[in-house]
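Input: a single structure, listed below in structure tokens.
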Amino acid sequence: SAAEKGGYDYFMLKEIAEQPKAVADTLLGRIDLAGNLCLDEVRIPASVLREVSKVVIVACGTAYHAGMIAKYAIEHWTRIPCETELASEFRYRDPILDQRTLVIAISQSGETMDTLMALRHAREQGAKVLAICNTNGSTIPRESDAVLYTHAGPEVAVASTKAFLTQLVACYLVALYLGQVRGTKWGDEILSVIRELSEIATQVDEVLETMEPVRELARSLASKNTVLFLGRHVGFPVALEGALKLKELAYMHAEGFAAGELKHGPIALIEQDVPVVVVVPSPRGRSVLHDKIVSNIQEIRARGARTIVIAERGDEAVAPYADHLIEIPVTPTLLQPLVATVPLQVFACELATARGNEVDQPRNLAKSVTVE
Ligand code: G6P
């Protein structure tokens, strides 16, 4: 009913709007400004976490994209090798697991069969499993050694939005916690990440306030057949997530690519007027990546692409090559997905609506897939 949707036309719109609160609730009481993590709820002893030699993340769909981003944070901050794998592929390839492997299973519903089977396999091999889950008492946390709950609140729309942002937050918390129990000395970079995490809900809110041009753009693209997405570093999973949302909701051909792969194939797809959404990393920090993606944008534009550029506010180097510029707040590189994903959700939702699709219940999809 309309009341359930809090005055919004669709659950998805309501859930997109709830993201600042979902993010804030997931951080609440778990980290202070000095960077002390309080995750006592994660019932894996510090002595075990100190011995972890490898982290393996398993998940499906949108949660898998959160896991891809988590890999960048975990390896960069803790120096523990980390791989992220589609849960449905995991157990069938005889993965290498032992008592020193920490498996992180990410699932909004806690009922996804592929993810459940992957974690069962991991535990049989002696690995410890930590679930990141949004649903209290669901099967995945019940079968795990420990759980860190995301506090997104119930997510009804099939396409995941607020759960995704809170999965990212939970992954950052787990990465920092691993660092803390292992005695990592926080350098300036991590300290600034911790400070910025406390600002992130406000920044997500700022993004939401500036979405009207994105909706307008989405409506103007309603008759297109294809939209491509490019990103690099943590912007690559964001590009994949943008493409997934568009497939799920708008039933359009949408593909995400790592921008560095452009020259190895995808550039052949660029033709006159094809919309390409590019997620641009901050010009500060890893500026090499920024410069490389700017030249990617020039390359595709020279071949006729219509460039839709998501870039940090004040990024003047990229602006001249953007047919449409979507500005997002300044964040540390690793946190950028929390703000960069939001315009892509709004874009997909609006495009789907413009095409007359049922946004909350896309055809052929289920909110949680309880079969393998
Ligand atoms: C289904 C949903 C997706 C979701 C995926 C994983 O495919 O349609 O939105 O990302 O399952 O779900 P989970 O509950 O495990 O996060």
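The values are calculated or read from the model by the stated rules, or taken from the named source; none is laboratory data. Just so you know, these numbers come straight off a predicted model, no measurement behind them. Cβ atoms come from the backbone with ideal geometry, glycine included; neighbour counts cover every protein chain shown.
Some points to look at:
- Within the stretch 150-165, not a single residue is touching a residue at least 40 places away in the same chain (Cβ under 8 Å), assigned to a strand (DSSP E or B) and on the phi < 0 side of the Ramachandran plot.
- Identity of the residue in the stretch 127-137, more than 19 Å from the chain's Cα centre (by Cα) and in a strand (DSSP E or B), that ends up nearest to the ligand (Cβ to nearest atom): V129
- Selected residue (criterion: surrounded by the most Cβ atoms within 10 Å (Cβ to Cβ)) from residues of the stretch 318-372 that are of a type in the set (D, E, K, R) and modelled with pLDDT under 95: D360
- Selection of the stretch 92-117 for residues being in contact with an Asp or Glu (Cβ under 9 Å, 6 or more places away or on another chain), within 9 Å of the ligand (Cβ to nearest atom) and in a loop (DSSP other than H, G, I, E, B) yields Q108, S109.
- I140 vs. criteria over 17 Å from the mean Cα position of the chain (by Cα), within 11 Å of the ligand (Cβ to nearest atom), within 30 Å of E4 (Cβ to Cβ) and at pLDDT 95 or above: yes
- Residues of the stretch 308-345 that turn out to be in contact with a Pro (Cβ under 8 Å, 6 or more places away or on another chain) and assigned to a strand (DSSP E or B), as a count: 6
- The set of residues in the stretch 298-317 being surrounded by fewer than 19 Cβ atoms within 10 Å (Cβ to Cβ) and polar (S, T, N, Q) consists of Q298 alone.
- For the stretch 143-177, a residue qualifies if it is more than 11 Å from the ligand (Cβ to nearest atom) and of a type in the set (F, W, Y), and the qualifying residues are Y149, Y172, Y177.
- Looking only at residues of the stretch 280-297 that are touching a Ser or Thr at 6+ places or on another chain (Cβ under 9 Å) and within 15 Å of A322 (Cα to Cα), we find that the one that is surrounded by the fewest Cβ atoms within 10 Å (Cβ to Cβ) is H290.
- Subset of the stretch 35-72 (residues that are outside any loop (DSSP other than H, G, I, E, B), farther than 23 Å from H151 by Cβ and polar (S, T, N, Q)): S47
- The number of residues in the stretch 57-78 being more than 16 Å from the ligand (Cβ to nearest atom) and in contact with a strand residue (DSSP E or B) (Cβ under 7 Å, 6 or more places away or on another chain) comes to 3.
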